[in-house]
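Q: My questions will all concern the structure given below.
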Amino acid sequence: AGRGDTLKRRKRPHSPTMVHRRSGAPARLAQVALVLAAMVAPVNSSAAFRPVELVDIKGKLHADKLTSMVSEHSDASEGPLSVVSSLGSAGCGKRSLLNAIFDAGFDESFSMKSAKEARCTLSVAPASPRIVVVDADSSTGGASDRLVALHAALADVVLMNIWHSDVGRSVPANKAALRTLLTECAKSDKKTVLIFAVHNYDGSSDGDDEAVLMAEVAAIWKSIPGASGGVESAVNVRFHNLPHARYEPEAYASAVSALKDTLLPLATSSAKGAVGDTESLWTDIEARYASNAPGAADLEAAYSVDTTYTKLRSTAAGAIGSWRRTVDRGARVGGFGNSASKLRGKIINAFNAATQGCGEGSRREARREELMVYLDSAVTELHAAQIAALSAETEAAFSTKLLRLLDGTKDAAPIEDEKVKTAMQKAEFAYAAAVAQLAVPAIGLDGAADVDDMSVTLGDLASKFDESPPAKVLRLNKLTLKAQKNRKSPKNPRSFTPGFHLSGMVRQIGSGNLQGFSSYSAGPHSVTMGYQNDRGTPESMAEGDEPFLRLQPKVHFDIDA
């Protein structure tokens with residue numbers, strides 16, 4: 001089920017033993033209700049055990065009730081019972097998952113009152129009566145470490161239930177449960193199977209979740225005193241993604257079925273058989289963890305540390321949120337480096353001053369480390385985003401400068417090396433000055449490597465500029481424009497051209513049966529001559545005698561204004 005969702009399959013009356021009345025004095029963190037719900041019905045029976053109290057609020061183990069359950073379901077000839085334990089904070093859907101796999105009959109209702117009580121509930125899977133299913137909240141108060149330790153000692157397979165949105169966030173409750181679990185596994189001579197059940201998986205990580213979770217498990221393992229070798233030597237870590245049960249019911253059912261097919265063989269293959277030793281295991285755990293119970297002074301100090309941490313983180317989040325909005329718009333935060341350095345120093349110094357009197361039991365160092373990690377990671381992320389934007393702007397501006405230089409050359413000739421060098425130096429200087437405004441030296445963000453990278457990038461752009469598409473287009477445009485200018489007519493095409501033409505006709509005596517013309521031209525000058533034998537005919541003679549040769553000169557002028 002999703003966060004806060006409940007799949008209420010049936011309501012069962014609560015046992016009177018489940019009602020715990022608080023005394024007038026404040027309840028101690030070690031007062032934990034450990035509940036045993038053993039369903040003894042066979043596969044074809046509907047009878048079920050009512051939940052019974054295994055460990056009361058005073059920390060006393062009622063071993064007789066556990067022994068009764070074990071004796072009824074355990075047969076020495078069939079081997080020891082297998083145990084599957086489920087850890088996770090209240091409301092994360094772990095009981096719904098156990099019911100879907102084992103039909104264990106856990107109460108899936110969730111309330112804030114029950115979430116405040118660290119409880120451990122046991123059931124027997126009707127379909128697999130040789131498997132004891134254990135459910136416990138791993139984030140409920142100071143006694144949760146004892147419950148996790150008990151489950152680590154009993155379980156053959158541990159289901160660690162987490163939200164997909166919590167992967168990589170180092171949730172304190174999950175981290176504490178893993179530390180306790182791995183600490184107990186390091187002391188055991190038998191290997192435990194740890195399966196991360198990632199709820200509400202949306203398919204967005206492409207396998208990165210496994211690497212992140214495995215790195216977190218490995219880091220916790222290295223910090224455990226006495227842990228030798230790699231975590232694989234003591235724990236078989238596996239991962240299983242579960243889609244949202246409400247919005248993707250078919251995919252969720254398929255994922256649960258696949259998890260069941262994986263889980264059952266692992267649970268039954270190598271049972272520890274530790275259920276019968278629960279009393280001695282709990283006594284040992286009580287003795288070991290009793291010395292770690294914080295006193296009143298430690299609790300007050302822890303409260304002061306946590307309150308200071310929450311307040312200062314909220315203050316830092318306000319400034320970081322404002323910077324992030326600016327960066328998301330594509331702009332740079334003015335004086336980011338100086339502002340980030342001041343914020344970091346202010347937050348850390350304020351935390352140190354406010355928690356100066358708190359002892360080691362207050363988790364002061366851990367909280368300071370969490371605060372510094374939050375600040376440094378957020379500042380580093382914003383710094384990287386602004387450096388990336390600045391680098392893109394610098395490269396674009398340098399390319400534009402080279403295009404302007406090329407446009408200013410005659411006939412699009414290559415740019416002079418000296419001009420290119422000068423442009424590079426100016427671009428590098430401007431980039432280095434901007435990087436200096438973003439630098440946060442306290443966390444190693446001095447920008448020196450960024451400036452060196454930009455110098456190499458600008459050199460690469462300059463060497464390849466002549467063959468780049470923008471340069472080729474500009475050069476082609478310039479050559480085309482030059483060719484068009486050469487084909488243009490003169491600016492003032494006015495002209496005055498005189499010409500001479502001479503026309504002539506030769507006429508001979510005849511009957512007029514022969515006639516012809518010929519012409520010749522030389523530029524604006526031309527001559528046209530004609531011949532006809534019609535002189536002397538009665539028609540011509542009636543008009544009087546005509547000359548043998550007739551000439552007609554003509555002068556013309558060709559004027560273009």
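Q: In debye, nearest 20: dipole of the range 215-284 around its Cα centre with unit charges on the Cβ of K, R (+) and D, E (-)? It would help to have the intermediate numbers written out before the result.
A: Details: 5 positive and 8 negative charges, 27 e Å.
Computed charge dipole of the range 215-284: roughly 140 debye.
Q: Something else now. Once the Cβ-Cβ distance between Asn477 and Ala561 is put in as r, and R0 is 45 Å, what FRET efficiency do you end up with, to the nearest 0.05? Provide the component values of the computation, followed by the final result.
A: Details: r = 36 Å, r/R0 = 0.81.
The calculated FRET efficiency here is 0.80.
Q: Quick check for me: using +1 on Lys/Arg Cβ and -1 on Asp/Glu Cβ, what's the dipole size of the range 214-350 about its Cα centre, in debye to the nearest 20?
A: Dipole of the range 214-350, to the nearest 20 debye: 1200 debye.
Q: Which peptide among 445-453, 504-512 comes first, and what is the full order, when sorted by highest mean count of other Cβ atoms within 10 Å? Mind dumping the intermediate values first?
A: Numbers: 445-453: 16.1, 504-512: 13.9.
Order by mean packing, descending: 445-453, 504-512.
Q: Using the Cα centre of the range 132-260 as origin and beta-carbon charges of +1 (Lys, Arg) and -1 (Asp, Glu), tell me which of Ala173, Tyr247, Pro225 is placed farthest towards the positive end of the dipole.
A: Of Ala173, Tyr247, Pro225, it is Pro225.
Q: Same structure, new question: How do the peptides 165-175, 180-190 rank, highest first, by the average count of neighbouring beta carbon atoms within 10 Å per residue?
A: 180-190, 165-175
Q: Where the accessible area of the range 406-537 is counted over protein heavy atoms with a 1.4 Å probe, how much of it, in %, is carbon and sulfur?
A: Of the solvent-accessible surface of the range 406-537, carbon and sulfur hold 57 percent.
Q: Report the gain in length on full extension from Met214 to Tyr289: 0.36 nm times residue separation, minus Cα-Cα distance, nm rounded to one decimal.
A: Values: separation 75, 0.36 × 75 = 27.00 nm, distance 2.69 nm.
Length gained, Met214 through Tyr289: 24.3 nm.
Q: A further question follows. Per 0.36 nm of contour for each residue apart, how much would the distance between Met372 and Ser233 grow if the chain were fully extended, relative to their Cα-Cα spacing?
A: Difference between extended and current length: 46.8 nm.
Q: If R0 is 56 Å, what FRET efficiency do you get for Val456 and Leu299 from their C-beta distance, rounded to 0.05?
A: E between Val456 and Leu299, to the nearest 0.05, is 0.50.
Q: So which of Lys311/Lys346; Lys94/Lys222; Lys426/Lys464; Lys311/Lys342; Lys175/Lys346 end up more than 22 Å apart, counting from Cα to Cα?
A: Table pairs above 22 Å Cα-Cα are Lys94/Lys222; Lys175/Lys346.
Q: How large is the accessible surface per residue of the range 290-429, computed with a 1.4 Å probe and reported in Å² as a whole number?
A: That works out to 57 Å² for each residue.
Q: Considering the convex hull of the alpha carbon atoms of the range 374-451, report its projected area averaged over all viewing directions, in nm², one decimal.
A: If you wrap the Cα atoms of the range 374-451 in a convex hull and average its projections, you get 5.4 nm².
Q: In the calculated pair distance distribution of the range 215-345, what percentage of Cα-Cα distances lie above 23 Å?
A: 72 percent
Q: Taking +1 at the Cβ of each Lys and Arg and -1 at the Cβ of each Asp and Glu, which of Phe500, Pro441, Leu461 sits farthest along the dipole of the range 427-522 towards its positive end, judged by Cα position relative to the Cα centre?
A: Of the candidates, Phe500 comes out farthest on the positive side.
The values are calculated or read from the model by the stated rules, or taken from the named source; none is laboratory data. Fair warning: this is a prediction, and the values are worked out from it, not measured in the lab. Neighbour counts run over all protein chains shown; Cβ positions are idealised from the backbone, glycine included. Note: areas computed on protein heavy atoms with side chains; ligands, DNA, RNA excluded. Shrake-Rupley method; radii C 1.70, N 1.55, O 1.52, S 1.80 Å.
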